[in-house]
1. Quick one: compute the contact order of segment 2-92, relative version, from alpha carbon pairs under 8 angstrom and 6+ residues apart, as a percent.
2. I need the phi-derived Karplus couplings for segment 233-248: 6.51 cos²θ - 1.76 cosθ + 1.60, θ = phi - 60°, integer Hz, Gly and Pro marked x.
3. I need HIS238, HIS412 ordered by Cβ neighbour count within 10 Å, fewest first.
4. Determine the sum of side-chain charges near ALA214: Lys and Arg each +1, Asp and Glu each -1, restricted to other residues whose C-beta is under 11 angstrom from that of ALA214.
5. What is the total of Lys pairs in segment 108-306 with C-alpha atoms under 30 Å apart, excluding same-chain pairs fewer than 8 positions apart?
6. Evaluate the relative contact order of segment 230-286 (contact order divided by residue number), counting alpha-carbon pairs under 8 angstrom at least 6 apart; express in whole percent.
7. Arrange SER114, SER269, SER226 by Cβ neighbour counts within 10 Å, fewest through most, would you?
8. Packing-wise, with mean Cβ within 10 Å as the measure, how do 186-193, 211-218 rank, highest first?
Amino acid sequence: MTQRLQTIAEHLSGLRTYASNPFEAWDSIVFSGDFSNDLCRKAIECLEAFEQFGCLDACYFWFDSDWPATLDDLRAVEAGARRPLEWRLSVNKNGFVNGEVFEETDVKQVLFCSIDSFRAWAGGINPFLLDKDLFHAGRPVKIFVNGLAKAFGGPRIAVCPLTPIALPASWLGPFKLPPDTELRTHIHVATSFNMRLEPASFLLNWGNVDDQDAEPFRNLCAKSLSACLVQEFFDVDHVTLNGTKRRSLPLVATGDVAPTGNQLESLYSAIEWGFSENADTRILLIVDRLSLDIPEGASFVEGIKNRIDEALEHAKNKYRFVILKRKEEHSKELANIQKELRTQSDLFAQKVRSLLNGLLRDFLAALLLVSIGLFARFIKDINVLQSLEAGLLFRALGVYFLVSVSLQALVHWRDLRISEKEMIFWTSDLTRSYMTPDELKKLTEESIKERKTSCYRQAALIIFLYVAIGLFSWNLQPIISHWVFRPQPAKAATYQQPDATNQNNLDPSLLLPPRKPSVKHRQP
């Protein structure tokens, strides 16, 4: 593949010498100038190479007309059929992928036919306005440059010469840089364009990084890495640090010297440490020191490249004390939350006891009322249970039980809801500083889950007993009438023959007819 690239690059580089206005980007080439016989020969050789590698459709050649010229047209011109005045060449580099020049499809590959074109293109890249077709977070980029001496790059970008080389393990290796989505949670972005911050796309950590040809990419790497440390990003000319001292300054300025490879490595180490855990705290500790040390009038990149090591060491030392203090405060916060949860748990138990006490109190009061009102009359006359007054009393007791349980359940439920909302408000919005909402929610739900379930079950049982007693009282008189005063069926009279064996034992007076009373006549 490298031989094919070298062949294509040599032919394009040869045509570039005849162009009066050469232009080369990562995806296209446009050369134009005055026509000559030597140029015609070079153009034929270039198109033949494109045809050989199966990508002739990516190359178009014009002279004196709006129609692209074919190889036959160029050969006819070379034979003297006509003499054009001007020429223009257009190459679509994306067409190489469909041909046989680039064989790797999992890596975005680009060819530059000259080192000058490469440096001009790299110097105009905006690392915050990335081309989605070239720099993509999930796809590495390999750039082949004709005339480059030594390779350099990082985990997601490799700039290579056309000579065959073995790339190091750092190419396509792991890296510890936050993606755009995570960075936006720490940086307030207020740009006039659709900003993308992907520092991994320009990270340099292997090869000839300090070479002059790598200078444009060192600047890109420094811009993208340093932007991870700011708190507000408005433009390349305006960023804000919210450290010990609030500073507004440009990210880069005209005349800044490109950082060295060691300075980029120090900057990468600071960002790696800052975003490894507790990013808000760690980055703020680094920025606290930088906001004091950066000289007035200096850009952010220029001010930190010689001070980032000292700021990182200061942040690490201070972070130990911050963590110890936070652990102590976290323990206090957890203890306060546990007190609130304990109070809430006791409240559930208190409500159950209150309902049970209310049930027993109401039941005993009802028994006392029935005993005083009906027991004395019940002893003299059992029919008093069927009286109108007894029916009204029983129904009044039934209504009392139902109303009592309804009011108690409503008041207790409302009290529990309000106290639970107050607990959540105090623990989540005011006293919580070191626990995430999910951790707090899990802690509160697991701590009082069993207590709440037990409370609701016991309350449901007590309410059921209330309702059962109320309904029983309401229907007590019909129940008594059915089971106590139910009429007994009449028994038929039967004659029983006296037993002969017992006739001798009968009282003779019982067998004799009744004697008539004697009437005594008064003597005259």
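1. 33 percent
2. Karplus-based 3J(HN,Hα) across segment 233-248 equals 10, 9, 6, 4, 8, 8, 10, 10, 10, 9, x, 4, 10, 6, 10, 10 Hz.
3. With the fewest neighbours first, HIS238, HIS412 line up as HIS238, HIS412.
4. With Lys, Arg at +1 and Asp, Glu at -1, the net is -1.
5. Close lysine pairs under the 30 Å cut-off: 23.
6. Once normalised by length, the contact order is 22 percent.
7. SER269, SER114, SER226
8. 211-218, 186-193
Where a number appears in this text, it was derived from the coordinates with a stated rule and is not lab data. Because the structure is predicted, anything quoted here is derived from the model rather than measured. Glycine also receives a Cβ, built like all others from the backbone with ideal geometry; neighbour counts cover every protein chain displayed.
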